[in-house]
Every structure is written in C-alpha cells, then in structure tokens.
Ligand code: KG4
Ligand code: ZN
C-alpha cells in the first residue's frame, strides 16, 4: 500500500440517516456527520420511504459541507468520493448516489460505489488498526442478518442469512407489540434490564438443514401469541420479562451460530456489526463465548454500528486501492447482493 494519504469523502443515505465522512487511508476518521431522521419516522412507527428521500435531499448538501469543514478539507483536497449504492431504499440511495456523482464529475475525482453491508463490516477497521482479514463477521441490523466469512478485503462468503425477519426488525416488531415504540432495539434493551431473561421460554429458532441461516419470525409470533394468550385470559403481562426473554432468545441464536462457524472455520477473530451490535447483552454474550474459545472479539462503538458514512469510507479505501472505480452510470441497486459488482 502507498505511503500517500488517501482522503475519501464518503456518503451514506440508504435508509433514514443522511451521513457524510472524511476517512484517511481507510482507518482514520477525520469527520463523521450523521443527520438522523428517526424522530420524524417515529410518528409513523417505522421508516416512510417517501419522507426519507425528501429529507435526504434537503440535508445532503449541508451534511457534506459539515463533514468537509470539520475535517479541514475542501472538495479540492480530497482524493476520491465514495457512496453507498445498495442495498437500501431506492429513493433514499439515489440521493447519495446523485450527490457523489455530481461532486466526482465536477471535481474530476474517482468515484467508488460501496455495498452497505461491506460498510458495516469495515466499521470494525476504524477502531482496531490491527484487524485484518481473514475473520468472521455477524452483521445484524434492521434490514440484515448475515454471517459472513471475510476472506480478504472485498472478498466475502455469506455462510448464512435470515430466511425471514432481520434481527433488528424482530426487535422493532416486538417493541411495537409491547408498546415501546420505534426504534425498538434500544428500548427493548433498556426494558430488559428490569426483567428476568429466563421468565418465558421463547423458542430459539433453527432452520432445518441450514445451520448458518437464521429465522426470527417464529420467535416474533411466539411473543405475539404469548401476549394475546394472556389478554384472552384477562391476565396482565410483565413487559420487562417479555423484553428480557425475547432478547435472550435472539442473542442465544446469534451466539450459537457464531460459535458453530468458529468451530468449522477455525477462525481466531470474530467481529460483529450493524445496529444490533450496539446491544450490550449481545456484546457481553459474544465476548464471553469468544473468550472461552480463545478467539479475539471485535465490535465497533455504537456510533459506528448505526448507519454512518465513516464505515463507507473505510470500505471504499480498500476498494480504491484494489483499483475499483465506478462510472457515471453508477445507479442505486436496492437489492444489491454482497460480492456483486
Ligand atoms: O444498522 P442500522 O442502524 O440500520 C440498518 O442498516 O438497518 O440498524 C438499525 C436496527 C434497528 O432495527 C434497531 O432497532 C436496531 O438496529 N438496534 C438495536 C439496538 N440499537 C439499534 N437492536 C438491539 N439493541 C440495541 N441496542
Ligand atoms: Zn445499516
């Protein structure tokens, strides 16, 4: 790799965060601006795609300007522009892609399109300078639950994924069912602190013949059935016990899958990423399970677990160094698969 500093302006707008960052050589974050739309969407109990696109359009220029200013850079001092081009909401992705293309075209800069999941995985590089592939990574967010073998920079093998709801989605749906509101993950985590994780034996779903796949919709239904059953009998439910028992069922499934992969692939490094990776119970369970096996455990800080552009800049650096460049025909790909170009 070169000694020259490569400064990347990265942009992320795939869901409900408008974000821009300046990242140097893939690991050093000079600025990381995130304008969240969560309070707007909370009103509707989830992300409304049309509102998301409109807000991205209103905010993107300010967010990019703030990222440049905070880093002490200008559009003339950066080396490349990176942007998430999928997967995500098409109208939301398009705002970031159009912004990145406009800047790159006007300033004659290289353009690098980044896969959102690759970004989440790469968030681990930022605070762990020693972390290098190969390693295993569990990406758990509102839209994804992927168990990934990171063979090299930009070289991924998906071992398993959810066959129905994503882990974060299950948190959001159960939170709604017990009246905690959106986004559900942090609220369930908080509520679970007051509850008994062993109070209700919710099922830890497995997918027959696919040991690395996940299924969370059965667990979500079990929680809804438990609540409805109690209602029909005129009994009250203990929300804290539901939150704690549900969270334990999700965490147990995630940790079991992770340990299975460690055993099969003999990996000595395991990382987690995505919004759910900021869950304290999940981190603690993973830390303990990895420690038992002598495996080094990595997780990003909460601000790098949630959607952000610093992680996109980290991923983009390795793509850039590997020669990846996109043309002016770069488009938003809402269902982009990991490893596709
Ligand atoms: O990565 P992210 O910000 O956006 C996506 O790419 O989906 O993840 C958001 C998801 C939401 O479903 C949210 O409820 C969940 O991550 N989440 C959590 C926690 N914080 C966020 N889930 C469990 N515990 C948390 N502390
Ligand atoms: Zn995400």
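Going by the conditions given, is residue 121 in a helix (DSSP H, G or I), touching a residue at least 40 places away in the same chain (Cβ under 8 Å), touching a helix residue (DSSP H, G or I) at 6+ places or on another chain (Cβ under 8 Å) and more than 24 Å from residue 143 (Cβ to Cβ)?
So residue 121 does not fit the description; no.
List the pairs whose first member sits in the range 129-154 and is over 19 Å from residue 308 (Cα atoms), whose second member is within 11 Å of ligand 1 (Cβ to nearest atom) and not in a loop (DSSP other than H, G, I, E, B), and whose Cβ atoms are under 7 Å apart, counting only residues at least 6 apart or on separate chains?
So the pair list comes out as 148/139.
Of all residues in the range 78-118, count the ones that are in contact with a strand residue (DSSP E or B) (Cβ under 6 Å, 6 or more places away or on another chain), part of a strand (DSSP E or B) and either free of Cβ contacts under 8 Å to residues at least 12 places away in the same chain or surrounded by fewer than 24 Cβ atoms within 10 Å (Cβ to Cβ) (or both).
Selection size over the range 78-118: 2.
Here is a yes/no grid of residues against (1) over 20 Å from residue 211 (Cβ atoms); (2) within 16 Å of ligand 2 (Cβ to nearest atom); (3) surrounded by 24 or more Cβ atoms within 10 Å (Cβ to Cβ):
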site: 243; (1), (2), (3): yes, no, yes
site: 278; (1), (2), (3): yes, yes, no
site: 283; (1), (2), (3): yes, no, no
site: 294; (1), (2), (3): yes, no, no
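I'd like to verify a number: residues in the range 174-198 that are outside any loop (DSSP other than H, G, I, E, B) and at pLDDT below 95, how many?
3
Looking for whichever is in contact with a strand residue (DSSP E or B) (Cβ under 7 Å, 6 or more places away or on another chain) and modelled with pLDDT under 95 here; the options are 274, 313, 339. Which one fits?
339
The values are calculated or read from the model by the stated rules, or taken from the named source; none is laboratory data. Owing to the predicted nature of the structure, the values given are computational and were not obtained by experimental measurement. Methodologically, a virtual Cβ is constructed for each residue, glycine included, from the backbone with ideal geometry; neighbour enumeration extends over all protein chains shown.
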